[in-house]
Amino acid sequence: MTFNDFMIIGKDIKNSSDIIKKLNNKKPVLNCFLVADNKGTLEIYPAAEFVQPDLNALDIDIVAIFKNKKEAFEFIRVLADISIKKFGKPDLIKALPFYEEEVM
């Protein structure tokens, strides 16, 4: 598990450095969701599941942290809109660097 250079932190996340530290130390993180790039596909995971060795060992790149699943789905929807607007096709991974400039 790695953390993307363009990682997005949801507005309701107050302690992202603590969350990242806990995830790196394989400690449980409750009440937040991770959006991860898993071989070119964005997937949403409850952060609490990353204490399981199977998930923690996955070769995934965390691209966003949100307080709830609804925000994570909205993030993916907005990324799809940005991607289609910029590239004419859905390429969510390629759209990541443009997320903050489009949303802010």
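Relative contact order for region 1-60: what percent, with Cα pairs under 8 Å and sequence separation of 6 or more? List each step's numbers first, then the result.
Numbers: 60 pairs, mean separation 20.3, N = 60.
Normalised by residue count, the contact order of region 1-60 is 34 percent.
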Item checked: Residues of region 1-65: accessible area per residue with a 1.4 Å probe, Å² -> 57
Check: Using r as the Cβ-Cβ distance of Met1 and Phe87, and R0 as 35 Å, what FRET efficiency do you calculate, to the nearest 0.05?
Finding: 0.80
Note to self: Using Cα springs under 10 Å in a Gaussian network model of the chain, which residue among Leu30, Leu79, Leu42 shows the largest mean-square fluctuation?
What the structure shows: Leu30
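Can you say what percent of the DSSP beta bridges in the chain, counting only those with both residues inside, are antiparallel? Round to 5. Intermediate values should be presented prior to the final figure.
Values: 11 of 15 bridges.
Of those bridges, close to 75 percent are antiparallel.
Would you mind calculating the gained length between Asp59 and Lys11 on full extension (0.36 nm times residue separation, minus the Cα-Cα distance), in nm to one decimal?
Fully extending the segment from Asp59 to Lys11 adds 14.6 nm.
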Item checked: Max mean-square fluctuation residue, GNM over the chain, Cα-Cα springs under 10 Å, options Asp12, Asp91, Asp54 -> Asp54
Item checked: Highest-MSF residue in the chain out of Lys27, Lys89, Lys69 [GNM, Cα springs under 10 Å] -> Lys89
Margin query: As a quick test, which of the pairs Lys21/Lys67; Lys11/Lys69; Lys39/Lys70 have an alpha carbon distance above 21 angstrom in this structure?
Written below: Lys39/Lys70
Check: For region 29-87, what does the alpha-carbon gyration tensor say about shape, rounded, prolate or oblate, given a ≥ b ≥ c as the root eigenvalues, a/c under 1.5 as rounded, and a/b over b/c as prolate?
Finding: oblate
Check: Taking amide H positions as placed 1.01 Å from N in the peptide plane, with prolines and chain starts having none, which residues 5 or more places from Phe33, or on another chain, fall under 5 Å of its amide H?
Finding: Ala47, Phe66, Lys67, Asn68
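Of the heavy-atom accessible surface of region 1-96 (probe 1.4 angstrom), what whole percent is carbon and sulfur? Can you show the working numbers first?
Values: 2920 of 5580 Å².
The value for region 1-96 is 52 percent carbon and sulfur by accessible area.
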Next item on the list: Between Glu101 and Ala80, with labels modelled 7 Å along Cα→Cβ, what's the label distance in nm to one decimal, could you check?
Entry: 2.4
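Net charge around Phe33, counting only other residues with Cβ within less than 13 Å of its Cβ (Lys, Arg = +1; Asp, Glu = -1)?
Numbers: positive: Lys67, Lys69, Lys70; negative: Asp12, Glu43, Glu49, Glu71, Glu74.
Around Phe33, the surrounding residues sum to -2.
Across all directions of projection, what mean area in square nanometres is found for the Cα convex hull of the chain? Before the final figure, lay out each step's value.
Numbers: hull surface 24.1 nm².
The directionally averaged projection comes out at 6.0 nm².
The values are calculated or read from the model by the stated rules, or taken from the named source; none is laboratory data. Source: prediction; values computed, not measured. We place every Cβ from the backbone using ideal geometry, glycine too, and count neighbours over all the protein chains shown. Please note that ligands, DNA and RNA were not included when accessible areas were found on the heavy atoms of the full protein model with its side chains. Shrake-Rupley method; radii C 1.70, N 1.55, O 1.52, S 1.80 Å.
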